[in-house]
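Below is one structure, written out as structure tokens; the observations come after it.
Each value in this text was obtained by applying a stated rule to the coordinates, not by laboratory testing. No experiment lies behind these values; they were computed from the predicted model shown. Here the Cβ positions follow ideal geometry from the backbone for every residue, glycine too, while neighbour counts run over all protein chains shown.
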Amino acid sequence: MRKAVIPAAGFGTRFLPFTKAVPKEMIPLIDKPVIQYVVEEAVAAGLTEILIIISGGKMAIQDHFNPEFALEQRLEKSGKTALLEELRAINRLANIHYVYQQELNGLGDAVSYAECFVGDEPFAILLGDTVTSSDTMPVTAQLVKAYEKVNASVVALEEVPWEKTSRYGVISGKTDDGSLYKVDKFVEKPAPAEAPSNLVIASRYVFTPSIFECLKKTPRGKGNEIQLTDAMLLMLQNHPMYGLKVNGKRHDIGNKLDFIKSTVEFALQRPEFKTQIAEWLKTLKLD
Ligand code: UTP
């Protein structure tokens, strides 16, 4: 597998007013924007042909991955070689392509813009506003590995507390090893009592190109938008689909609380901040 699609056209209403002029994918975790973590995750899975789906007002994403010669010259002249190398490395990460979603008609609609880019190959989808962390293998690499085993679409699954099932797409399925599930049903945002499991679809997917045929047949659904989950339901009728309980954690940076928690967690993982942040946290008075 070599292709990844990153939907990043969504408006970001949950993070207003910040997202009025700046795309939510440019929100930083410490010193890197969210979109860079996402691209790095795709590259770590061996996916170096990347299509980012954007919309008006998201030019900063393109600027971030384009070389900035004046800045590079300036850093070179002032001998800031480490920083210069870091910036150049960003441009060398992958072949990044862009397409504009003409109208914000939902995630399913955004993904359908990738059909031409994907062709007849399997591909991964990584939501552009969500970072994952894992102490074993990056989450997308885990999905690619599972795809190679089952040769069918695989979505990342995360276990959530039962009372939160009503916020997510939930699966029901069977498993032999407790991590790879053969999916027999997707239920969108079920109340806890109706949820078939507490395993939810977690912002990373690997699909065969048949998803595009299903997207074409998908009518507008919740919020009058074309929902990717609805297309997945159609796909289940004729194609096997799997869910992988991934080893890792999801950080939905488009959600303010998740952003705050993730910033602290990421700072605690950086050697230069770890001790100072840990000590500072202890001094905070909570009442
Ligand atoms: P969200 O559900 O987070 O919606 O989209 P949103 O519109 O981006 O954000 P809020 O709810 O207004 O704060 C999930 C993913 O689907 C992409 C988003 O960019 C995000 O990666 N998306 C959503 C699109 O690319 N196009 C759309 O029309 C909708």
*Exactly one condition in (1) within 11 Å of the ligand (Cβ to nearest atom); (2) under 25 Å from TYR205 (Cα atoms) is not met by THR19; state its number.*
(2)
*Flag if THR165 is surrounded by 15 or more Cβ atoms within 10 Å (Cβ to Cβ) and either among the polar types (S, T, N, Q) or away from the ligand (no atom under 16 Å from the Cβ) (or both)*: yes
*Residues of the range 143-171 satisfying the condition of being of a type in the set (D, E, K, R) and not in a helix (DSSP H, G or I)*: GLU158, GLU159
*Quick one: TYR242 ticks every box in (1) assigned to a strand (DSSP E or B); (2) aromatic (Phe, Trp, Tyr); (3) within 16 Å of the ligand (Cβ to nearest atom); (4) more than 17 Å from the chain's Cα centre (by Cα) bar one, so which box is it?*
(3)
*Scope the range 1-39; condition in a helix (DSSP H, G or I), surrounded by fewer than 18 Cβ atoms within 10 Å (Cβ to Cβ) and either under 14 Å from the mean Cα position of the chain (by Cα) or of a type outside the set (D, E, K, R) (or both); matching residues*: THR13, PHE18
_Scope the range 163-172; condition of a type outside the set (A, V, I, L, M) and either touching a Ser or Thr at 6+ places or on another chain (Cβ under 6 Å) or closer than 11 Å to LEU244 by Cβ (or both); matching residues_ = GLY169, SER172
*Restricting attention to the range 220-231, does a residue exist that is in a strand (DSSP E or B), in contact with a Leu (Cβ under 6 Å, 6 or more places away or on another chain) and surrounded by 11 or more Cβ atoms within 10 Å (Cβ to Cβ)?*
no
_Show the residue pairs meeting these rules: Cβ distance below 9 Å; 6+ apart or different chains; first residue within the range 215-226 and aliphatic (A, V, I, L, M); second residue surrounded by fewer than 16 Cβ atoms within 10 Å (Cβ to Cβ) and not in a helix (DSSP H, G or I)._
ILE226/PRO219; ILE226/ARG220
